[in-house]
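Note sheet for the following structure.
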Amino acid sequence: MRCRKCSAKAIIRLPRHNTAFCPGCFSEYVTDQIERAIKSDRMFGREEGIAVAVSGGKDSLVLWEILSRLGYRTLGLHIDLGIGEYSERSRKKVEAFAAGRGLPFVVHSLREEHGAGLSEIAEGLRRPPCSACGVVKRYNMNAIAFQHGMPVVATGHNLDDEAARLLGNVLHWQEDYLDKQSPVLPNSHPKLVRKVKPLYRLAEREIAAWAVLQKIDYIVDECPNSQGSKMLRYKDALNRLEAASPGTKHQFYFQFLDRQKARAQAAPAEPDLRECASCGQPSTAEICSYCKLVGTLKVLK
Amino acid sequence: MKILLHHPSREVAVAGPKKVWQVLRELEILPDTVLVIRGDALIADDDVVGDDETVEVRPVISGG
């Protein structure tokens, strides 16, 4: 197999683009896709500080690496979820990555703040761990980025993540979530930072391949709470469709984005936000989801 | 050949030599869901793996 660009020996085939690349041309392709996402969706400018949500996995570390190489001013944000050995190893990956490159980062530990890890909190609240995890991450990423004066939070969500999330939202006709499923979520409140997903043009496998080629040491193990998750089932279904018909995931998600843009222009969404009576962070209710979660936890203790 | 798999970590043996795509087909693994790594190098789906070699089949799908 030869690189379609330079004819050197290819190391990866991309059936959805009907192409194959050598290491050099593949690296160029990955960087180009990220730069294209940043520019075409007006995610952020050169002058803005970017908080990068880093878990220690391939997507977030690749994102941090590329944004740093492109010369953006970044701050890594790691939420230590306190999920036993898995969280310890994830945190070490982030610390080693940052130390090796001299990149600044902040760690927020759930156990240090609340005396319990995510699994115990979810169990105490009788909520699925992934649901509690989403609330914890969204709240803390925004609050910490805001505290550090960073106007943007970049996450490592990729094409597979977005296509799987879209499938889940469509299967359950969650129209509120469909409206919010965009590569850029503007800051609709002075205390909300902009959320961006610069990897949305890249497949999960492409990102992992780039990480291996660049010798980025990421955590390969999966979160123990994600076993049997709906997201993995949706990804499995989409991967089977993709194997039979390459390009399915790309078409599904990008055609959704085209329709979403047309809908947003016709009737722009205006979120009704106020400040949480407990913590002061933006919320659609009097008490935000995070404070409700933490409040219930205190009652249970 | 020796194949190192994840989730859970285990080793399986496959008779070689075989091309990467043939190994994945024998193991019933969708090519889009993994990378195949020899030593610390990525190998392509038409590369041949010898009977005396070891390769890692690393999943790329994450749940979050």
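Given Cβ point charges of +1 (Lys, Arg) and -1 (Asp, Glu) and nothing else, what value in debye, to the nearest 20, does the dipole of chain A about its Cα centre take? Walk me through the numbers on the way to the answer.
Working: 44 positive and 34 negative charges, 140 e Å.
It comes to approximately 680 debye.
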Okay, helix-only estimate at 222 nm for chain B: each DSSP H run of n ≥ 4 adds -39500 (n - 2.57), divide by all residues, round to 500 deg cm²/dmol; what do you get? -2500 deg cm²/dmol
Which angle between 0 and 90 degrees, to the nearest 10, do you get for helix A:84-101 versus the longest principal axis of chain A when only C-alpha atoms count? 60
When A:S7, A:S289, A:S90 are ordered from fewest to most other Cβ atoms inside 10 Å of their Cβ, what list results? A:S7, A:S289, A:S90
Size of charge dipole - segment A:25-110 - debye, nearest 20, with Cβ of Lys, Arg +1 and Asp, Glu -1, no other charges: 100
My understanding is that a pair violates if its Cα-Cα distance is over 22 Å; which of A:K39/A:K261; A:K137/A:K230; A:K58/A:K261; A:K9/A:K215 do that in this structure? A:K58/A:K261
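Within a 10 angstrom radius of each residue's Cβ in B:49-62, how many Cβ atoms of other chains show up on average? Whole number is fine. Please list the in-between numbers first.
Working: counts 0, 0, 0, 0, 0, 0, 0, 2, 0, 5, 6, 14, 13, 20.
Average per residue, whole number: 4.
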Could you give the distance between the Cα centres of segment A:173-250 and segment A:102-170, to the whole Å? 14
Please give the direction-averaged projected area of the C-alpha convex hull for segment B:2-59, in square nanometres with one decimal. 3.4
What is the set of long-range amide H partners of A:I12 at a cut-off below 5 Å, with H atoms built 1.01 Å from backbone N? A:F21
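Taking R0 as 56 Å, what FRET efficiency do you get between B:Q22 and A:E286 from their Cβ-Cβ distance, rounded to the nearest 0.05? Could the numbers behind the result be given before it?
Numbers: r = 61 Å, r/R0 = 1.08.
Rounded to the nearest 0.05, the efficiency is 0.40.
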What is the average number of partner chain Cβ atoms found within 10 Å of a Cβ in B:26-33? 4
Name the residue farthest towards the positive end of the dipole of chain A from the options A:A209, A:G45, A:A143, assuming +1 on Cβ of Lys and Arg, -1 on Cβ of Asp and Glu, about the Cα centre. A:A209
Round to a whole angstrom and tell me the spacing of the C-alpha centers of segment B:16-49 and segment A:3-75. 24
With θ set to phi - 60°, apply the Karplus curve 6.51 cos²θ - 1.76 cosθ + 1.60 along segment A:185-201 and write out the HN-Hα couplings as whole Hz, x wherever there is a Gly or Pro. 10, x, 7, 8, 8, x, 9, 9, 8, 5, 10, 10, 10, x, 8, 5, 8
Taking a label point 7 Å from the Cα of A:Q147 along the Cα→Cβ vector, which residues of segment A:110-138 have an amide N closer than 16 Å to it? A:110-115, A:136-138
State the dimensionless ratio Rg/Rh of the protein assembly as shown (Rg: radius of gyration of Cα atoms; Rh: Kirkwood radius). 0.97
Computed Rg/Rh for segment A:85-229 (Cα atoms; Rh = Kirkwood radius) stands at 0.95
Per residue of segment A:167-183, in order, report the coupling 6.51 cos²θ - 1.76 cosθ + 1.60 (Karplus, θ = phi - 60°) as ³J(HN,Hα) in whole Hz, putting x for Gly and Pro. 4, x, 5, 6, 4, 9, 6, 8, 5, 4, 5, 4, 4, 8, 7, 9, x
Measure nothing fancy, just the Cα-based angle from helix A:58-69's long axis to the longest principal axis of chain A, in degrees from 0 to 90, nearest 10. 80
Rounded to the nearest 10, the angle in degrees between the Cα long axis of helix A:129-147 and the longest principal axis of the Cα atoms of chain A comes to 90
So, with +1 on the Cβ of K and R and -1 on the Cβ of D and E, and no other charges, what is the size of the charge dipole of segment A:175-301 about its Cα centre, to the nearest 20 debye? 80
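Coordinate-derived values only; no laboratory data. Keep in mind that this is a model prediction, so the values were computed, not measured. We place every Cβ from the backbone using ideal geometry, glycine too, and count neighbours over all the protein chains shown.
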